[in-house]
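Below is one structure, written out as structure tokens; the observations come after it.
The values are calculated or read from the model by the stated rules, or taken from the named source; none is laboratory data. The model shown is predicted, which means the values in this text are computed figures rather than measured ones. All Cβ positions, even for glycine, are placed from backbone atoms using ideal geometry, and neighbour counts span all protein chains on display. Ligands, DNA and RNA are excluded from the accessible area calculation, which covers all protein heavy atoms including side chains. Shrake-Rupley method; radii C 1.70, N 1.55, O 1.52, S 1.80 Å.
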Amino acid sequence: MKKYILALLILSNFVSNAQIDRIEPPFWWSDMNLSEVQIMFYGKNIAQNEVAVSSGLVIKTIQKTENPNYLFVTVDTKNVAAQDFVFTFKNGKKSFTQNYALKARRENSKFRKSYDSSDVIYLIMPDRFANGNPDNDSSKSTSEKSNRTNPGGRHGGDIEGIINNLDYIKELGATALWPTPLCEDNDEGYSYHGYGQSDVYKMDPRYGTNEDYVRLSAELHKRGMKNIMDYVTNHWGWKHWMYNDLPTYNWIHQFPGYSQSNYRMTTQFDKNASKIDTKNCMDGWFVPSMPDLNQSNPLVLNYLTQNAIWWIEYADLDGFRVDTYSYNDKEGISKWTKAITDEYPHFNIVGEVWMHNQAQMSYWQKDSKIGAIESFNSNLPSVMDFTLHDAIGNVFNQDNASWDRGMIQVYDNFTNDFLYPNPDNLLVFVENHDTGRFNEIYKNDFKKYQMAMTLIATIRGIPQLYYGSEIGMNGDKGKGDADIRRDFPGGWKGDSNNAFTKQGRTAEQQKFFDFSSKLFTWRKSKDVIHSGKTTHYIPENNVYVYFRYNEKETVMVVINNNSEKQILKTNRFKENIQNFKSGKEVLSGKIVDLNTDIEIEGKSALILELK
């Protein structure tokens, strides 16, 4: 008995009272541009320990904060081969060890190809798309349980459901997938949208596992498609594990405590703005349940940068969409963006800059001349074309054109392209998960749907579709966000209508799908649309005509927003028609003679490949 007690006493000398509960990032890679990695060790009183690491790895700095449960250890991995290392934590006579892996990267990982104007992005709300694994609809580790009868509740869509329907998305003509956030969101209610994340290194168990997410990327890549992660830098959810035990007081913005953002993003460049208004926009919380992260704190910025790069490398990602980009500390988010694009030179990132003025939006695109006025460069490759979205949301109901109504609104949007450093890299869309549904606004008018989709499929930029529109799905924003995020029909066992298959679609759904699939499949191989030049003509009688052209090909697009048939005199467009004799209409196959007037039906569009 005495020997047993003595053995326990000896063992206790090697076990510290500071155990490790979390290590983030959980592992890293060799041969990375970001070679100095700041590893966060979290556990009760972990900061009381001295830290050493096995030979081959050098500790650059050890940083402690006012919270003894955190220890930030920066190591230098430059020129260090992939291998396992051992960290030793010692507090007096007590010590323990922790393994840490440096892994080998995928071949050519640095130069991965991202999404660009050759792609069509399909946006989904994962919880509302398809339930592939009913066993994970609820989880013991998360508060909100599945309840499909609650419009704003968890409905059970998951990663498996997405994988099961990738062929449907490919058939539609989409080449890239943007799911809204999939990381854990442990709010007690309304957690399905995922923007209040509670753990940014783990998939929400109601969606699946980290391994499932890696498999989603692999399945997309097998089909020649791309995986875009919806990344949130501005805020976390109030159930984030770190929020209840902050590493530092200023990890989040405090006033002290909560203060609402004024949402006035113009304060970020307004030379006349008051300091308090500027601070309240950038530092104020988006909503009370989303603590606002302080990217001006180097620890926070390092954490977010490493987490983003970790997901790219781990899950073999092809791009980011960044939520509420312009609400971040603008110098901090600029550094974050540059660190990612330095690591991956071809990596595309589109930021949500929800503004209604092209000059203001262009401020946020990389190398903006407007930003340069005050020596600011966001380093952000792409922004979302919200002004075009604004026009699309009402223009097709304006049958009678005037000086500022009708297709002139669309024309005017493109007249300001000179403001953007790279207009080809703008995200163009008719709707998304936060806006009114196009088919609700226009009462499922198929002709108006055709005009809108023709527009975004043939102009400069990267088209983004919102799930379900291609089958005529609608939803009333006035009834709340849940109504514009309805379940995709056929995504759940027992659904009476399965729109994922031709056999399961109604005649109306099939009409929408056939048009969408033919249009966007045609676009896939059209370099003239992806990167061609544009010449457009001032709309007459509510008819908008533009040409996309390169050295090899010319495409003429005609959108008649007039309710009546219109006749176009082709000699007006001789500058672009040149010596072409005819045009083949892409969707109908009809041949149009360019030597005579062109007739176009009311509320319709033509896409002519000139011959």
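Remark on T554: its backbone amide H falls under 5 Å from those of L610, a criterion applied only to residues 5 or more positions apart or on other chains, H modelled at 1.01 Å from N. Applying the Karplus relation 6.51 cos²θ - 1.76 cosθ + 1.60 with θ = phi - 60° to the range 423-436 yields 3J(HN,Hα) values of x, 5, 9, 8, 8, 10, 7, 9, 5, 8, 6, 10, 10, x Hz, where x marks Gly and Pro. When the range 206-273 is described by a simple charge dipole with +1 on each Lys and Arg Cβ and -1 on each Asp and Glu Cβ, the residue from W236, G257, T267 located farthest towards its positive end is T267.
Quick one: accessible area per residue over the range 466-539, 1.4 Å probe, rounded to a whole number of Å²?
Values: 3230 Å² over 74 residues.
About 44 Å² of surface per residue is accessible.
Of all beta bridges that DSSP places with both ends in the chain, some 70 percent have antiparallel geometry. The residues of the range 77-182 present an accessible area of 42 Å² per residue when probed at 1.4 Å with all protein chains retained. Evaluated over the Cα positions of the range 229-337, the convex hull gives a direction-averaged projected area, one quarter of its surface, of 7.0 nm².
Can you give me the angle between helix 2-12 and the longest principal axis of the chain, using Cα atoms only, in degrees from 0 to 90, rounded to the nearest 10? Between helix and principal axis, roughly 40 degrees. One compactness figure for the range 527-583 is 1.16, namely its Cα radius of gyration divided by 2.2 N^0.38 Å.
How large is the helix-only mean residue ellipticity at 222 nm for the chain, computed as the sum of -39500 (n - 2.57) over DSSP H runs with n ≥ 4, divided by its residue count, in deg cm²/dmol to the nearest 500? Before the final figure, lay out each step's value.
Numbers: 16 runs with 149 residues, N = 611.
Taken over the chain, the calculation gives -7000 deg cm²/dmol.
Less than 5 angstrom separates the built amide H of G468 from none of the residues sequence-distant by 5 or more or on a different chain.
By average Cβ neighbour count within 10 Å, what is the ranking of 82-93, 528-539 from highest down?
Numbers: 82-93: 14.8, 528-539: 17.2.
Per-residue mean Cβ counts within 10 Å order the peptides as 528-539, 82-93.
The orientation-averaged shadow of the Cα convex hull for the range 194-286, equal to a quarter of the hull surface, comes to 8.5 nm². Apolar share of the accessible surface for the chain: 50 percent from carbon plus sulfur atoms, 1.4 Å probe.
Each residue of the range 257-266 is assigned a 3J(HN,Hα), and the resulting list reads x, 8, 8, 6, 5, 8, 6, 8, 5, 4 Hz, derived from the Karplus form 6.51 cos²θ - 1.76 cosθ + 1.60 (θ = phi - 60°), x at Gly and Pro. Here the spin labels are modelled as points 7 Å beyond Cα on the Cα-Cβ line, and at D84 and I591 they lie 7.1 nm apart. Contact order, relative form, for the chain: 11 percent (alpha carbon pairs under 8 Å, 6 or more residues apart, mean separation divided by residue count). The Cα center of the range 130-171 and the Cα center of the range 49-106 differ in position by 38 Å. Relative to the dominant Cα principal axis of the chain, helix 210-222 is inclined by about 30°. Any idea what % of Cα-Cα pairs in the range 479-611 are farther than 27 Å? Distances greater than 27 Å cover 36 percent of the Cα pairs. Within the shell of other residues whose beta carbon sits under 11 angstrom from the beta carbon of K552, the net charge comes to -2, with Lys and Arg scored +1 and Asp and Glu -1.
For D204, the residues 5 or more places off, or on other chains, whose built amide H falls under 5 Å of its own are C183, E184.
In debye to the nearest 20, how big a dipole does the range 292-359 give about its Cα centre with +1 on each Lys and Arg Cβ and -1 on each Asp and Glu Cβ?
Details: 4 positive and 10 negative charges, 38 e Å.
Dipole about the Cα centre, nearest 20: 180 debye.
Shown in residue order for the range 129-134 are the 3J(HN,Hα) couplings computed by the Karplus curve 6.51 cos²θ - 1.76 cosθ + 1.60 at θ = phi - 60°: 9, 6, 9, x, 9, x Hz (x for Gly and Pro).
Between the range 397-426 and the range 510-547, the C-alpha centres lie 15 angstrom from each other.
Using a Förster distance of 56 angstrom, determine the FRET efficiency expected from the C-beta separation of S141 and S375, and round it to 0.05. Walk me through the numbers on the way to the answer.
Details: r = 47 Å, r/R0 = 0.83.
That gives a FRET efficiency of 0.75.
Cross-linked pairs K44/K140; K518/K565; K222/K518; K565/K590; K366/K533; K477/K502: Cα-Cα separations exceed 19 Å for K44/K140; K518/K565; K222/K518; K366/K533; K477/K502.
What accessible area per residue, rounded to a whole number of Å², is obtained for the range 255-328 using a probe radius of 1.4 Å?
On the way: 2580 Å² over 74 residues.
For the range 255-328, the solvent-accessible area averages 35 Å² per residue.
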